[in-house]
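The values are calculated or read from the model by the stated rules, or taken from the named source; none is laboratory data. Computed from a predicted structure; not experimentally measured. As a convention, Cβ positions derive from the backbone with ideal geometry for all residues, glycine included, and neighbour counts pool all protein chains shown. Only protein heavy atoms, including side chains, enter the accessible area calculation; ligands, DNA and RNA are left aside. Shrake-Rupley method; radii C 1.70, N 1.55, O 1.52, S 1.80 Å.
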Amino acid sequence: MITIPDIVARGQQFGLERQDEMLQTFTGREIAIQQRPAFWSFTIPVVPRSGTEAKQWRAVMVQLANPANSFEATPPGYRGTLYSQQGGSAISADGANLGTELAYNGADASAQVFRAGEYFSVNGELKIATADSTADGSGAGTVEFEPALRNPTPDGDPIETLAPVASFRLVAPAGGWSLSPNRIHSFTLNAVETY
């Protein structure tokens, strides 16, 4: 895992990629067939750098040109769930989970833990809540999300809500940068989730 410098972006394109195929049955009904699990992708033009910062980015980009190397990143510009920003208790998976619902426990009693559109990571996977979720009086609840879990989440696995991450690798063209006449370097991270 390569450690990258803090990303200061000039903009971003971030989203969930699906490669599902629609098949039609004899009755005319359509069924979605998942070709591979959904994955996150992003393109981020990093604010131009010079001097020491440019050297750090050049070293990272050369390492990431090797498709076997990856890095962890939080969705660009994301600052955590409102619950985590307000100092809510740590939460963890409750029981083995698979699919697009996750049971959790350890939250503050009756607190709104997730709002639709907030990110979290669990079991090394980045997710986005698709509905609000409020814990019950004992701090337990269920959150609905996308994309579906790729692997069962172990009981007690921590759920990261403040700085959720996923592992990414660069896609072509990778490992390059541009240099302006005044020695200002421009870098673009064009990456896909790796798992």
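Selection within region 167-195: residues that are open to solvent by 50 Å² or more (accessible area, probe 1.4 Å) and among the aromatic types (Phe, Trp, Tyr). The member of this set that is farthest from the chain's Cα centre (by Cα) is Trp177.
So Glu72 fits all but one of (1) in a loop (DSSP other than H, G, I, E, B); (2) open to solvent by 50 Å² or more (accessible area, probe 1.4 Å); what number is the exception? With (1) in a loop (DSSP other than H, G, I, E, B); (2) open to solvent by 50 Å² or more (accessible area, probe 1.4 Å) applied to Glu72, the lone miss is (1). Within the set Val143, Val165, the sole residue that is touching a Lys or Arg at 6+ places or on another chain (Cβ under 9 Å) and among the β-branched types (Val, Ile, Thr) turns out to be Val143.
Residue check: is Ser50 exposed (fewer than 15 other Cβ atoms within 10 Å of the Cβ) and touching a residue at least 12 places away in the same chain (Cβ under 8 Å)? It is true that Ser50 is exposed (fewer than 15 other Cβ atoms within 10 Å of the Cβ) and touching a residue at least 12 places away in the same chain (Cβ under 8 Å). Those strands (runs of 3 or more DSSP E) of region 113-166 in which 1 or more residues are among the basic types (Lys, Arg) and crowded, with 16+ Cβ neighbours inside 10 Å occupy 125-129. Can you pull out the residues in region 77-102 that are open to solvent by 30 Å² or more (accessible area, probe 1.4 Å), closer than 16 Å to Leu126 by Cα and either part of a helix (DSSP H, G or I) or in contact with a Ser or Thr (Cβ under 6 Å, 6 or more places away or on another chain) (or both)? Glu101, the sole residue that qualifies.
Given the options Ala172, Ala163, Ala140, name the one that is hydrophobic (A, V, I, L, M, F, W, C) and farther than 22 Å from Gly87 by Cα.
That would be Ala172, the only listed residue that is hydrophobic (A, V, I, L, M, F, W, C) and farther than 22 Å from Gly87 by Cα.
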